[in-house]
Structure formats: structure tokens, C-alpha cells
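S.K.: Encoded as C-alpha cells, here's the structure I'll be asking about.
The values are calculated or read from the model by the stated rules, or taken from the named source; none is laboratory data. Just so you know, these numbers come straight off a predicted model, no measurement behind them. Here the Cβ positions follow ideal geometry from the backbone for every residue, glycine too, while neighbour counts run over all protein chains shown. Each accessible area value is taken on the protein alone, full model and side chains, heavy atoms only, with ligands, DNA and RNA left out. Shrake-Rupley method; radii C 1.70, N 1.55, O 1.52, S 1.80 Å.
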Amino acid sequence: MKTNKTVAVIGECMIELSGQPFLPQQQRFGGDTLNTALYLSRLIPSLHPHYITGLGTDTYSALMQKAWENEGINCQSVITIPEKLPGLYAIEIDACGERSFHYWRNDAAARYITTDRRFAEHLNALPDNSVIYLSGISLAILTPEGKEALLTQLIHLKQRGFTLIVDSNYRPRLWDSIPHAQEWFEKLYSISDIALVTGDDEQILWQNPTLTEQDIAQRLHQWGNQNIIVKLGANGAYWSDGKNTGYISPKPIDSVIDTTAAGDSFNAAFIAAWLQNHSLPTCCLWGNTLAGLVIQHHGAIIPHEITDSFYTLIKDNHDTVNC
């Protein structure tokens, strides 16, 4: 699978600790945009998506970047900030299997990238008509000045013909108030071309538990988005291009093991299909298929050999969509 487009992903990846406090813990790394970049690289090995983030000069940063490079991700746009470190989060699992999360990211390197001169330089070096992908978390972690700088750069890129794809990923704890989050999401959506939103996120952000996927699409179209995808979890996805709409339902999953990165992997497969000029229904089918694989395994990143079965599944599932 090939594409002539260049894709750049903006976001944050953190160190992950998993297990009981003060007992031996597993060390990994994770982040919503990194998950999407990694799966996108696996689905289109020739793509080598750029990952634009911030890291330090520490050993953790070096090992993370090396792992990303081994996955085929282009790390030339990683911004190294010597006095900063990656963010850190811990997953604590209680006796009943319930998970809770603890974060240390308020001074992480990724928080400062958009006000660093190298950020604009990396973006300006991308070819015209490239694709930028980011999430609500990419926006939320930034300083106030960083948010303004990001928006300025994205507007400039839109003038160069870039396509902007945004995933909602609204996380209340990253915002000082709901109105502040609403203000910035509206600004971001208003310059986006494709919105990959989660229905639950939108209901929480806009404080309306009865908000439907049609309501969400109508608002986003009014703000200028051409293509809207509303992810509906086990119910698949709703799509709208402003003229036509539809639902793409996933095949039933017998055993859901872990829903971590379900939305991130959906986005990767959707973008992989879109880059190859498939219709929105087919793009959603791809998204559902990869997400279905991911949730049948532990962790955000499934083994390579499982990802390698994706295109076989797509061929088997393609007749379920009228494209």
C-alpha cells in the first residue's frame, strides 16, 4: 500500500508505569497520537509519518525515540529540550481489576514545543498539501501561549493546502474549565477538514447527554468541517460528508480484552484508507476492523503479526459496505 501524501502527527507520548505502587512495575510508553502514528506506519510502511513532539536528553527519551524509529516513524521533527523530561503516568489496578490513572506531565517537554522556533521550522519544511493529524490532548497539554502558537501555525498550513484531521479526545482533567475547552475546540474544529470525534466525548464536552451523532455532525459542518466521523464504540461509526450520511457497524467481537487505543487505531486505519482515496464508508470499515483487532489484546500496541492480518480481514469484510 502506497500514498504520495506526507503525514505529520502532533502530540505527546509519555512514560507508562503499570502495576502496584512500590512493587515491581512494567515500564512502557504510550500516547494517543503516538498510537495512531505507529499503526499508520504499520498499515502503510512506505509512509514513515512524521511525529512532532517534545523529548528531553535523558535515557528514557532516547529509548522511546529509538523504538519509534524501529516502527518506521520519522523522528526528524522530534524537538529535544534539554532541561525538560517526558511526561509520566501510572496505571494502578485494584483487586477487582479496575484501573486508575495518575499523571505527572505539567512540565513535560511536549508542553512547550509549539513556542519553540523549531516547531514552525519543521512544519514549514513539509511539502505543500501534506496532512496534519492531532487530537484534543495535543491541544490541551500546551501552555496558553502554546495554544495560540499552534493555531497560528495551523492556519498558515491551511493556506498552503494542508489537510487538517482532528480527533476530539476530550479529557476534562487537562482543562481548567469546560467553557475554556469549548472555546478552543471550536477554534480547532473551525479550521479542520476531517473531524474524528467520539460521541461520548462530545456529550461530556457540550454538557448534553442526549446529543446525537446527527446533532454533532450538523454543528461541525456549520463550523466548516467537510467530513465528520462520530465513533460510537461497539456500535461502530456514523459518517457524514454534508450531503450523504450512514452507519458502518463492526463485526461482533466475542471477547473484548482491553479497549485501550481502540479510538487511536480506528483513526490510523481510517486515515490509511483515506490516503488511498477510499470512500468514507470504506474508511470507517477499515477503522472498525483495526479497532476490533486491538481490543482483543492487552495494551495499546498489539503484536506485529496481528496487525499483519489486517488486510486479509479487510478483503473478507469489504462486501459488508456498499462503496
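S.K.: Enumerate the whole-percent occupancy of each 10 Å bin, from 0 to the last occupied one, for all C-alpha pair distances of the range 48-89.
M.R.: For the range 48-89, the pair-distance distribution reads 30, 57, 12.
S.K.: Okay, moving on. Whenever you get a sec, compute what percent of the accessible area on the chain sits on carbon and sulfur atoms (1.4 Å probe).
M.R.: 51
S.K.: Mind checking the range 82-187 for GluC sites (Glu not before Pro) that DSSP puts in a loop (not H, G, I, E or B) and that have at most 16 other Cβ atoms within 10 Å?
M.R.: Filter output for the range 82-187: E83, E98.
S.K.: Next question. Could you rank the peptides 292-299, 58-65 by their average count of other C-beta atoms within 10 Å per residue, with the highest value first? Intermediate results must be reported in sequence, preceding the final value.
M.R.: On the way: 292-299: 18.2, 58-65: 16.1.
Ranked by mean Cβ neighbours within 10 Å, highest first: 292-299, 58-65.
S.K.: Kindly provide log₁₀ I(q)/I(0) values, in the same order as q = 0.14 Å⁻¹, from the Debye equation applied to equal alpha-carbon scatterers of the range 1-148.
M.R.: Here log10 of I(q) over I(0) equals -0.69.
S.K.: Which values, in whole Å and largest first, are the semi-axes of the equivalent ellipsoid of the range 215-255 obtained as the square root of 5 times each eigenvalue of the Cα gyration tensor? It would help to have the intermediate numbers written out before the result.
M.R.: On the way: eigenvalues 118, 18, 7 Å².
The equivalent ellipsoid of the range 215-255 has semi-axes of 24, 9, 6 Å.
S.K.: Right, here's the next one. For the range 231-243, in order, what is each residue's ³J(HN,Hα) by Karplus, 6.51 cos²θ - 1.76 cosθ + 1.60 with θ = phi - 60°, in whole Hz (x at glycine and Pro)?
M.R.: Coupling constants for the range 231-243: 7, 10, x, 5, 8, x, 8, 10, 10, 8, 10, x, 10 Hz.
S.K.: With N residues in the range 259-316, what two-decimal value do you get for its Cα radius of gyration over 2.2 N^0.38 Å?
M.R.: So the range 259-316 has a normalised radius of gyration of 1.04.
S.K.: Additional query: Taking the Cα centre of the chain as the origin and placing charges on Cβ (Lys, Arg +1; Asp, Glu -1), which of S41, G299, Q207 is farthest toward the positive end of the dipole?
M.R.: S41
S.K.: In nm, to one decimal, how far is the modelled label at T143 from the one at N244, with both set 7 Å along Cα→Cβ?
M.R.: Those two pseudo-labels are separated by 4.8 nm.
S.K.: Could you list which residues have their amide H under 5 Å from that of R105, counting only those 5 or more apart in sequence or on another chain, with H placed in the peptide plane?
M.R.: L88
S.K.: Using only the Cα atoms of the range 1-68, what do you get for the radius of gyration and for Dmax, in Å?
M.R.: Using the Cα atoms of the range 1-68, the pair Rg, Dmax is 14.2, 49 Å.
S.K.: Can you tell me which of T33, T80, T53 moves the most in a GNM of the chain? Springs connect C-alpha atoms under 10 Å apart.
M.R.: T80
S.K.: Ok, one more. Work out, in µm²/s and without decimals, the Stokes-Einstein translational diffusion coefficient of the range 74-219 at 25 °C, 0.890 mPa s, Rh from Kirkwood over C-alpha pairs.
M.R.: Approximately 145 µm²/s, per Stokes-Einstein.
S.K.: Leaving out same-chain residues fewer than 8 places away, which lysines sit with a Cα under 28 Å from that of K158?
M.R.: Of all the lysines, those that pass the test against K158 - Cα under 28 Å, at least 8 places apart if same chain - are K2, K5, K147, K187, K231, K243.
S.K.: Need one number for the chain: average projected area of the convex hull over its C-alpha atoms, nm².
M.R.: 16.3
S.K.: Would you pull out the residues with amide H under 5 Å of T212's amide H, same chain only if 5 or more places away, H placed 1.01 Å from N?
M.R.: For T212, whose amide H was placed from the backbone, there are no distant partners under 5 Å.
S.K.: In terms of modelled amide H atoms, which long-range or inter-chain residues lie less than 5 Å from the amide H of I79?
M.R.: Residues meeting the amide H criterion: T53, G54, L55.
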